[in-house]
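Trainee: Just passing along the structure, written as structure tokens.
The values are calculated or read from the model by the stated rules, or taken from the named source; none is laboratory data. Please read these numbers as outputs of a predicted model, since none were measured by experiment. So basically every Cβ, Gly included, is an ideal-geometry build from the backbone, and we count neighbours across all protein chains shown.
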Amino acid sequence: MSKRLVTLAIAAVLVLVTVAPTFAQDGLSGELEIFSWWAGDEGPALEALIAKYNEMYPDVTVENATVTGGSGVNARAVLKTRMLGGDPPDAFQVHAGQELIGTWVVAERMEDLTFLYEEEGWMDKFPQGLLDLLSADGGIWSVPVNIHRSNVMWYVPAKLEELGIEAPATWDDFLAVCPTIQEAGLVPLAVAENWTVNHLWESVALAELGVDGWNSLWTGEKAWTDDDVVAMWDKFGQILDCSNIDVDAATLSWQQATDMVINGDAVFNVMGDWAAGYMATTLGLEPGVGFGWAAAPGTAGVFMMLSDSFGLPKDIKNRDNSLAWLKLLGSQEGQDIFNPLKGSIAGRLDSDLSLYNAYLQSAAADWQSNVVVGSLAHGAVAPESFSSEFGTVMEIFLGSRSGIAAANASQAIANQAGIGK
Ligand code: GAL
């Protein structure tokens, strides 16, 4: 090698040596525990984000602590024990809205993240409505990683063709095709364990009560005992008669209900669009071919939203590492790594839609043009004291099939939770 080449080679090594440490930003080291319910086949999006974090902070050891169970039914219980026991995880998944604000924010267990939003220039990077959902008592309490849609109906296009039917525009249309599907020996609507029944219910309630009716349940302007709410419960009962609720639902995960549709045992399923993540990322199906979608019956033009977020608990072991995690998941790059795999769209306004599949592009268009309402089953609209008791209302309904009994029970828990007070 000539002298000149040797000098160049040394210079190149020197550049690498001086650049590499800046890559391991801020010299972070130690550990970071990330707590969520994105386990097993719900894991790829989170794992991709953790891989990015590992690349940025190679000296931090990340513990991906998951508690299996769709919609966080089990994770929330474990989190409660840990928070009350003074052992908070460094970062935990929580739905934007009342699920965090009505619990750990009012208990003064979270740090206000307004400073982070200001430092990172995020104040105008997220829609105001989303920031409002994350805010209370003059603070902003978590960083949203995504927007999911609750009111989606899934099916396999070829199956509908085979049966000669279309995705129903209303629940009455669904009830009209239900016998045809049952006669073909199939389940018209797949449901799974308890929370998925609450999930279905919120789409039915939105359809039957309309946007104003749905919203006014949460302001307390509308009584749960109103005639149209009772009628909605009765319609919900008829819809459940077209499902596997009394067969095997309780033993199934939400993914298994999706599988029933994909395998051709069932025709429709109403689930949040994490189902699109499961079908596209985990099962490798092509949107529009392997699976089709429509707004849940009677809810076209309305986007029932929820958002997964992470906050900064007080008194954690690894605050700097946790802050670095929050910065990554609130960044454009972080959101565009996570969401195309997750089946959600970015919370940020500036994501690169070319990275997203056909389903997600259609969800992004609807998010812009539709009327947006919040989800009950995923923590957006009601105080935790209401949403955690709603399972009891559902049990009463499933046991009695009485719309009036369910209406009275819901009114009682709404009163207890102080809705409208
Ligand atoms: C929701 C959550 C989604 C997805 C789903 C199924 O509550 O917001 O991200 O994880 O549960 O587990």
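Trainee: Counting only residues that are more than 15 Å from the ligand (Cβ to nearest atom) and under 19 Å from Gly347 (Cβ atoms), give me the helices (runs of 4 or more DSSP H) lying completely in region 60-177 with at least 2 of them.
Mentor: Answer list for region 60-177: 114-119, 128-134.
Trainee: Does any residue of region 295-318 turn out to be touching a Phe, Trp or Tyr at 6+ places or on another chain (Cβ under 6 Å), at pLDDT 95 or above, more than 16 Å from the ligand (Cβ to nearest atom) and not polar (S, T, N, Q)?
Mentor: Checked against the condition, which is being touching a Phe, Trp or Tyr at 6+ places or on another chain (Cβ under 6 Å), at pLDDT 95 or above, more than 16 Å from the ligand (Cβ to nearest atom) and not polar (S, T, N, Q), region 295-318 yields at least one hit.
Trainee: Out of (1) over 16 Å from Phe338 (Cβ atoms); (2) of a type outside the set (A, V, I, L, M, F, W, C); (3) at pLDDT 95 or above, what's the single condition that is false for Asn54?
Mentor: That leaves (1) as the condition not met.
Trainee: Considering only region 156-173, state which residues are touching a strand residue (DSSP E or B) at 6+ places or on another chain (Cβ under 7 Å) and either in the same structural domain as Asn339 (by TED's automatic domain parsing) or crowded, with 21+ Cβ neighbours inside 10 Å (or both).
Mentor: Within region 156-173, just Val156 meets the criteria.
Trainee: Does Ser243 satisfy being more than 16 Å from the ligand (Cβ to nearest atom) and among the polar types (S, T, N, Q)?
Mentor: So Ser243 passes the test.
For every residue, the table says whether it meets (1) out of contact with any Lys or Arg (no Cβ under 8 Å at 6 or more places or on another chain); (2) free of Cβ contacts under 8 Å to residues at least 24 places away in the same chain; (3) under 22 Å from Leu133 (Cβ atoms).
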position: Met305; (1), (2), (3): no, no, yes
position: Leu312; (1), (2), (3): no, no, yes
position: Leu353; (1), (2), (3): yes, yes, no
position: Ala364; (1), (2), (3): yes, yes, yes
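Trainee: Would you confirm, using the coordinates I've provided, whether Ala363 is more than 16 Å from the ligand (Cβ to nearest atom) and part of a helix (DSSP H, G or I)?
Mentor: Judged against the criteria, Ala363 is not a match.
Trainee: Keeping to region 309-341, report how many residues are crowded, with 18+ Cβ neighbours inside 10 Å, touching a Pro at 6+ places or on another chain (Cβ under 7 Å) and not in a strand (DSSP E or B).
Mentor: Going through region 309-341 one residue at a time, the tally reaches 2.
Trainee: Answer with yes or no whether Leu376 is within 20 Å of the chain's Cα centre (by Cα), part of a helix (DSSP H, G or I), hydrophobic (A, V, I, L, M, F, W, C) and crowded, with 19+ Cβ neighbours inside 10 Å.
Mentor: So Leu376 fails the test.
Trainee: Ok, one more. Being small (Gly, Ala, Ser) and under 17 Å from Asn146 (Cβ atoms) is the filter here; which residues of region 262-307 pass it?
Mentor: Gly272, Ala275, Ala276, Gly277, Ala280, Ser307 - these are the residues of region 262-307 that are small (Gly, Ala, Ser) and under 17 Å from Asn146 (Cβ atoms).
Trainee: Name the single residue, out of those in region 24-39 being small (Gly, Ala, Ser) and modelled with pLDDT of 95 or more, that is nearest to the chain's Cα centre (by Cα).
Mentor: Among those residues, the one meeting the criterion is Ser36.
Trainee: Same structure, new question: Do we have Gly330 as within 16 Å of the ligand (Cβ to nearest atom) and either in the same structural domain as Glu119 (by TED's automatic domain parsing) or touching a Gly at 6+ places or on another chain (Cβ under 9 Å) (or both) here?
Mentor: No: the conditions fail for Gly330.
Trainee: Only one of Ala414, Ala409, Ala346 is within 23 Å of Gln238 (Cβ to Cβ) and crowded, with 19+ Cβ neighbours inside 10 Å; which?
Mentor: Ala409
Trainee: When the residues of region 366-400 are filtered to those that are within 14 Å of the ligand (Cβ to nearest atom) and in contact with a Gly (Cβ under 6 Å, 6 or more places away or on another chain), which remaining residue is modelled with the lowest pLDDT?
Mentor: Among them, the one singled out is Glu384.
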